[in-house]
Amino acid sequence: MSLSSIHAAVLPEDRADILYHSYDGGGAEISGPSYLVRKKFSESVSASVNHYVDSVSSASIDVITRASPYTEERTENSLSVDYLHEKTLISVGITESIENDFDATTFSFGISQDMFGDLTTIGMSFALGDNIIGETGNDTFSEEATVRSYRFSLSQVMTKDLIMAFTLETITDEGFLNNPYRAIRYIDPLDPLNYIYDDEVYPNTRTSHAAAIRGKYYLPFRAALHGGFRVFSDDWGIEAQTYEIGYTWPYSEALTLEFNFRFYDQTKADFYSDLFPFPDAQNFLARDKEMSTFTSNTLGLGAHYKFIKNGSGFIKRGSVNFSWDYIQFDYEDFRDLTVAGVPPGQEPLYEQDANVIRAFVSIWF
Amino acid sequence: MKKMTHHFTYSLFIGFLTAIFTLSVHAVTVDKPAPDFTLKSLSGKNLKLSEHAGDVVMLNFWASWCGPCRKEMPLMNDLYNKYEKLGFVILGVNVEQELQLAKSFLSDTPVDFPILFDSSNKVSKAYDVIAMPTTVMIDRNGKIRYIHKGYKAGDEKKYKKMVKKLIRE
Amino acid sequence: MKNIILFSSLIMFLQGCSSIEPWVKPYERAHLADPIMEFGRDPISENYIHHVYDSRESARGAGIATGGGCGCN
């Protein structure tokens with residue numbers, strides 16, 4: 001669901017975007033295009049379609065320690081329709097994601113309402129997703145999972161120069177939540193200098209809560225400063241905080257520059273361990289780096305160039321955009337198993353960094 | 001002590017709400033006389049509303065950052081050119097502080113009717129402008145007859161109907 | 001006691017709603033209407049970076065709050 005306009009009581013503008021994205025880090029390269037077209041069909045109905053592709057070529061730490069590098073493709077298609085009635089905006093959407101070993105279908109419904117002289121917007125949305133999980137090379141393996149998300153958001157104009165937004169979201173999962181390609185390891189009972197891989201065991205439910213507050217402030221010399229803070233916790237014992245700060249600087253009439261910094265910090269899941277002491281050490285077992293204790297730092301730069309300002313004819317406005325984000329992940333209890341010749345649990349801690357590129361052209365018509 | 005803290009918290013809360021949601025009653029309504037004002041115009045001259053006594057006046061509060069305002073500007077210009085000779089005038093009251101933004105919009109989209117600058121927002125306050133754009137129709141006797149909030153495609157037909165009616169009176 | 005106060009403040013709040021005077025007037029929203037003040041103005045770019053973090057971090061949900069009350073139009 002994306003109601004990406006701060007004016008809730010108007011339909012989003014007609015636009016078309018072509019984006020190229022690339023993620024390169026930790027031995028994985030993921031890139032591809034994303035296309036979006038949004039069009040009004042009347043004064044009260046607007047629809048948008050999005051086609052997104054991920055081409056994955058992975059030799060990540062998880063892959064090289066357990067399997068052989070692979071390539072695959074993920075395609076995502078979504079359709080959403082917005083309906084505006086006075087100060088109420090209703091959105092319905094469907095998204096379908098297809099991989100050779102994973103299919104997901106998500107339905108969403110959202111409603112938002114402007115009130116108090118249009119200084120306040122309240123929004124609520126619900127999404128229901130059905131996932132079918134397979135395993136490449138194992139045709140008998142097929143599992144399902146259901147995801148439900150409930151979201152409440154409030155945005156508030158505080159002053160002539162300050163807008164704040166507050167969001168709450170609860171997500172529940174039910175079903176098969178493991179990643180079939182990941183494994184845990186435990187100390188070989190017969191040889192403490194060796195370790196043995198085994199299957200992961202996850203609970204089959206997960207409930208998470210997140211709350212975020214964000215603000216954007218217009219500085220006296222036409223530039224905007226924004227900040228955000230999010231807290232997260234789930235019933236797997238993971239707690240996380242995200243801090244964001246950014247600066248939007250209109251360098252000239254046509255060129256706008258952006259600077260962002262993001263810091264993320266999480267604790268591990270209760271049933272996570274880099275190295276279990278013996279087989280079946282507990283009911284649930286996981287060794288995904290995503291569920292370990294770690295931090296990430298992101299430095300982002302962006303440029304936004306308007307190449308058509310007041311176009312006549314079909315195209316009203318156009319822009320080209322480029323952004324680069326550098327992310328550094330530091331794991332505190334996930335070890336780098338490519339380092340051999342050390343006793344289990346003595347390997348160096350893993351770390352990785354990534355470069356994320358987004359390049360896109362947008363036109364408004 | 002705990003109870004007192006609660007009391008204190010709630011009275012603070014109520015005080016805060018009252019401060020935010022202050023009720024106010026404005027005199028600008030239909031069938032009341034239109035408050036007079038003097039504002040500097042784009043040509044540099046001061047312009048007074050009462051100078052147009054006897055004319056049908058359409059006051060339009062607008063800003064260059066307001067999409068619907070930009071859209072209706074050329075349509076209002078057509079309306080002005082059509083009925084100007086029959087004792088009709090449009091006064092485009094710009095509400096912005098940075099006049100340059102309004103001026104550069106007008107150089108791209110020129111209009112023939114007078115543009116006035118209400119950069120202190122005194123007139124916008126007096127007319128209790130609660131939407132952008134806001135259009136106020138004043139009859140030949142200086143009385144407010146219609147207040148129209150916002151603009152969506154087709155509203156120019158409503159303006160035309162009102163203007164035709166007021167001109168005939 | 002607490003409930004009574006809470007209830008009465010709620011009533012006051014709701015009564016207030018029927019005649020709320022916006023404290024940032026429509027004609028004062030020049031800065032708020034500036035495109036640099038938009039949260040997440042490019043949906044596909046925003047969705048992509050969310051996806052980047054969501055697939056590498058455990059935290060999820062409550063992303064860029066979209067929809068909001070500028071009331072600029």
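The values are calculated or read from the model by the stated rules, or taken from the named source; none is laboratory data. None of the values given here were measured: they were computed from a predicted structure. Backbone-built Cβ (ideal geometry, glycine too); neighbour counts: all protein chains shown.
In the stretch A:258-269, what count of residues is obtained for those that are within 27 Å of A:E332 (Cβ to Cβ) and surrounded by fewer than 15 Cβ atoms within 10 Å (Cβ to Cβ)? Outline the logic, then answer.
First, the residues of the stretch A:258-269 that are within 27 Å of A:E332 (Cβ to Cβ): A:260-269.
Filter once more, keeping what is surrounded by fewer than 15 Cβ atoms within 10 Å (Cβ to Cβ): A:261, A:263.
Within the stretch A:258-269, residues that are within 27 Å of A:E332 (Cβ to Cβ) and surrounded by fewer than 15 Cβ atoms within 10 Å (Cβ to Cβ) number 2.
Can you confirm whether A:I213 is crowded, with 17+ Cβ neighbours inside 10 Å and not basic (K, R)? Even if it seems obvious, please write down each step before you answer.
Working: crowded, with 17+ Cβ neighbours inside 10 Å: no; not basic (K, R): yes.
In short, no.
Out of curiosity, is A:F229 within 21 Å of A:L299 (Cβ to Cβ) and either part of a loop (DSSP other than H, G, I, E, B) or in contact with a Ser or Thr (Cβ under 8 Å, 6 or more places away or on another chain) (or both)?
Against the criterion (within 21 Å of A:L299 (Cβ to Cβ) and either part of a loop (DSSP other than H, G, I, E, B) or in contact with a Ser or Thr (Cβ under 8 Å, 6 or more places away or on another chain) (or both)), A:F229 qualifies.
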Subset of the stretch A:166-183 [touching a Phe, Trp or Tyr at 6+ places or on another chain (Cβ under 6 Å) and more than 30 Å from A:A211 (Cβ to Cβ)]: A:A183
Can you spot a residue in the stretch A:240-248 that is touching a residue at least 12 places away in the same chain (Cβ under 8 Å) and closer than 30 Å to A:D198 by Cβ? yes
Can you name the residue in the stretch A:298-313 that is over 19 Å from A:Y247 (Cβ atoms) and of a type in the set (S, T, N, Q) and, of all such residues, is surrounded by the most Cβ atoms within 10 Å (Cβ to Cβ)? A:N310
Looking for something out of contact with any Ser or Thr (no Cβ under 8 Å at 6 or more places or on another chain), touching a residue at least 12 places away in the same chain (Cβ under 8 Å) and more than 14 Å from every other protein chain (Cβ to nearest Cβ) - is there at least one such residue anywhere in the stretch A:149-172? no
Could you grab the pairs with beta carbons closer than 6 Å, sequence gap of 6+ or different chains, first residue in the stretch A:220-232 and touching a residue at least 24 places away in the same chain (Cβ under 8 Å), second one charged (D, E, K, R)? A:A224/A:K216
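Enumerate the helices (runs of 4 or more DSSP H) found wholly within the stretch B:76-169, keeping only those where 1 or more residues are more than 22 Å from A:G117 (Cα to Cα). Full working, then the answer.
On the way: elements: B:99-108, B:122-126, B:155-168.
Counting at least 1 such residues, we get B:99-108, B:155-168.
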Just one of (1) crowded, with 17+ Cβ neighbours inside 10 Å; (2) of a type in the set (A, V, I, L, M, F, W, C); (3) closer than 29 Å to A:M158 by Cα trips up A:L255, so point out which. (1)
For A:G318, only one of the following conditions fails: (1) of a type outside the set (A, V, I, L, M, F, W, C); (2) crowded, with 18+ Cβ neighbours inside 10 Å; (3) at pLDDT 95 or above. What is its number? (3)
The lone exception for A:R222 - which of (1) more than 8 Å from chain C (Cβ to nearest Cβ); (2) in a loop (DSSP other than H, G, I, E, B) it fails: (1)
Could you grab me the full set of residues in the stretch A:108-137 that are surrounded by fewer than 19 Cβ atoms within 10 Å (Cβ to Cβ), over 30 Å from B:M132 (Cβ atoms) and either at the interface with another protein chain (Cβ under 8 Å from one of its Cβ atoms) or of a type in the set (S, T, N, Q) (or both)? A:T136
Within the stretch C:30-66, can you find the residues that are touching a Cys at 6+ places or on another chain (Cβ under 9 Å), at the interface with chain A (Cβ under 7 Å from one of its Cβ atoms) and part of a loop (DSSP other than H, G, I, E, B)? C:L32, C:E38
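Quick one: is B:E72 in contact (Cβ under 8 Å) with a residue 60 or more places away in the chain, assigned to a helix (DSSP H, G or I) and farther than 26 Å from C:W23 by Cα?
Details: in contact (Cβ under 8 Å) with a residue 60 or more places away in the chain: yes; assigned to a helix (DSSP H, G or I): yes; farther than 26 Å from C:W23 by Cα: yes.
Judged against the criteria, B:E72 is a match.
Tell me which residues, restricted to the stretch C:1-29, are facing chain A (nearest Cβ under 8 Å), modelled with pLDDT of 85 or more and touching a helix residue (DSSP H, G or I) at 6+ places or on another chain (Cβ under 9 Å).
First pass over the stretch C:1-29, keeping only residues facing chain A (nearest Cβ under 8 Å): C:17, C:20-24, C:26, C:28-29.
Now restrict to residues that are modelled with pLDDT of 85 or more: C:24, C:26, C:28-29.
Selection gives C:P26, C:E28.
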Tally of residues being within 21 Å of B:E51 (Cβ to Cβ) and either crowded, with 22+ Cβ neighbours inside 10 Å or at the interface with chain C (Cβ under 10 Å from one of its Cβ atoms) (or both) across the stretch B:117-135: 5
